[in-house]
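The values are calculated or read from the model by the stated rules, or taken from the named source; none is laboratory data. Predicted model, so just to flag it, every value in this text is computed and none were measured. Reconstructed Cβ throughout: ideal geometry from the backbone, glycine too, with neighbour counts over all protein chains shown. Each accessible area value is taken on the protein alone, full model and side chains, heavy atoms only, with ligands, DNA and RNA left out. Shrake-Rupley method; radii C 1.70, N 1.55, O 1.52, S 1.80 Å.
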Amino acid sequence: MAVTNSNNNELTNLELSIQISLSGHSFCVLDTNTKTIVTLKSESFSVKKTPSELLDAIKHLFNTETVLKQPFKAINVIHVNDWSTVVPKPLFNEDTLADYLKFNTKILKTDFITFDDIHPNDSVNVYVPFTNINNFIFDQFGSFTYNHFSTILIEQLLTFEKHSNTPKVYVHVSDTNFEIIVINKGKLTLYNTFEHQTKEDFIYYLLFTLEQLQLNPETIEVLFLGEVTKESPLFEIAYKYIRHVSFGNRMDTYAFAEKPTHNHSNFTLLKSL
C-alpha cells in the first residue's frame, strides 16, 4: 500500500525503513549506492503505549535522531499489531474489509482498514495501520510505502521455502507476541499470532498448534526468528519439548556498517528493503 506525493525531490542515496508497534520501534537506513545498512537501531518500551502515546514517541524519535533529519529516496513504514487477518484472494472483496477483521479483532467504526497483496500465496492481508503515524510520516516526508509486518514475514518465508519438500514451522518472537507460520511444500498452511506473558503460555500455544496440524514434535523442524537467543526462556522450553529446534537466517543481501549480533533478528525490518 503506497501513498504518493512529490514533496521530496532532493537527490539522495538513502532509504529508510521504520518498524512501529505499541511495544517499541526499530529503524534502519540503507545506502543504496554501497548496498550497506549504515544505521540500525531499536527501542523497547517498558510499558505498552496507546496509539496516541506511540505517536509522541515517534515524533520524539524523529526530533532527536540526527540520521532521521535528512531526506530519503524511499521510506518504508512497517506496522506491527495483531489487527490483521489473511484472506484467500478468491474470497476477497475490497468493499467488505471490516467483515474480515470483526471476528478476530476489536475494531471501531472510525478505524481505517487497508490491505496488502501477498503475492506468493495468492492471498490478501487485511489490517488496521497506525493511521496517526502514517499521517505524521506523510507530513514530514511526503511519499512513502507501508505494509503490515506479517505481509513481509509471510512473503519472505514463502520465498525461502519455495522449493522445499518438507514441512517447516517458523516462530517469530517479539517482546509480548509471537507468530507461528507453518509452510508445507512451499505453501502456507497456517499463520497465527499469540500473546505470551510466560514461557508456559508460549509452549502451550506452540505444542497445541503442532497437535492440531498433526505435526510430530519428534520430527518437525522448528526455526526461530526475531528477538530471541539460545539463552531465552522461550527457546529453552521449546528445545525441551521439540527435538529439532534451531534459528532461521535472514540471508542478508546487504553489508553492514555494524553487523547485527544475530542472523535471525530484525527479520521483517531488514527484509522490507
Query raised in the report: Can you tell me which residues in the range 194-216 are open to solvent by less than 40 Å² (accessible area, probe 1.4 Å) and either closer than 25 Å to THR261 by Cα or outside any loop (DSSP other than H, G, I, E, B) (or both)?
Result: PHE194, HIS196, PHE202, ILE203, LEU206, THR209, LEU210
Query - Complete set of residues in the range 217-248 that are closer than 23 Å to SER21 by Cβ, in a loop (DSSP other than H, G, I, E, B) and open to solvent by less than 80 Å² (accessible area, probe 1.4 Å) - result: VAL228, THR229, SER232, GLY248
Report summary line: With criteria (1) in contact with a helix residue (DSSP H, G or I) (Cβ under 9 Å, 6 or more places away or on another chain); (2) surrounded by fewer than 19 Cβ atoms within 10 Å (Cβ to Cβ), PRO90 comes up short on (1)
Query - Residues that are in contact (Cβ under 8 Å) with a residue 24 or more places away in the chain and over 20 Å from GLN19 (Cβ atoms), drawn from the range 159-188 - result: GLU161, LYS162, THR166, PRO167, LYS168, VAL169, VAL182, ILE183, GLY186, LYS187, LEU188
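Would you mind stating whether ILE78 is under 15 Å from GLN140 (Cβ atoms), of a type outside the set (Lys, Arg) and assigned to a strand (DSSP E or B)?
no
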Query raised in the report: How many residues are within 15 Å of the chain's Cα centre (by Cα), within 30 Å of GLU218 (Cβ to Cβ) and part of a strand (DSSP E or B) when one looks only at the range 135-186?
Result: 9
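The rows are residues; the columns are (1) open to solvent by less than 20 Å² (accessible area, probe 1.4 Å); (2) farther than 28 Å from PHE224 by Cβ; (3) in contact with a strand residue (DSSP E or B) (Cβ under 9 Å, 6 or more places away or on another chain).
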{"site": "PRO120", "(1), (2), (3)": "no, no, yes"}
{"site": "SER123", "(1), (2), (3)": "yes, no, yes"}
{"site": "VAL128", "(1), (2), (3)": "yes, no, yes"}
{"site": "ASP139", "(1), (2), (3)": "no, yes, no"}
Query raised in the report: Would you pick out the residues in the range 170-193 that are touching a Leu at 6+ places or on another chain (Cβ under 8 Å) and within 14 Å of VAL228 (Cβ to Cβ)?
Result: TYR170, VAL171, HIS172, VAL173, PHE178, GLU179, ILE180
Report summary line: Among residues of the range 13-40 being polar (S, T, N, Q), outside any strand (DSSP E or B) and over 15 Å from ASN76 (Cβ atoms), the residue least open to solvent (accessible area, probe 1.4 Å) is SER23
Query raised in the report: In the range 52-69, how many residues are open to solvent by 60 Å² or more (accessible area, probe 1.4 Å) and not small (Gly, Ala, Ser)?
Result: 8
Query raised in the report: Somewhere in the range 46-68, is a residue within 30 Å of LEU14 (Cα to Cα) and not in a helix (DSSP H, G or I)?
Result: yes
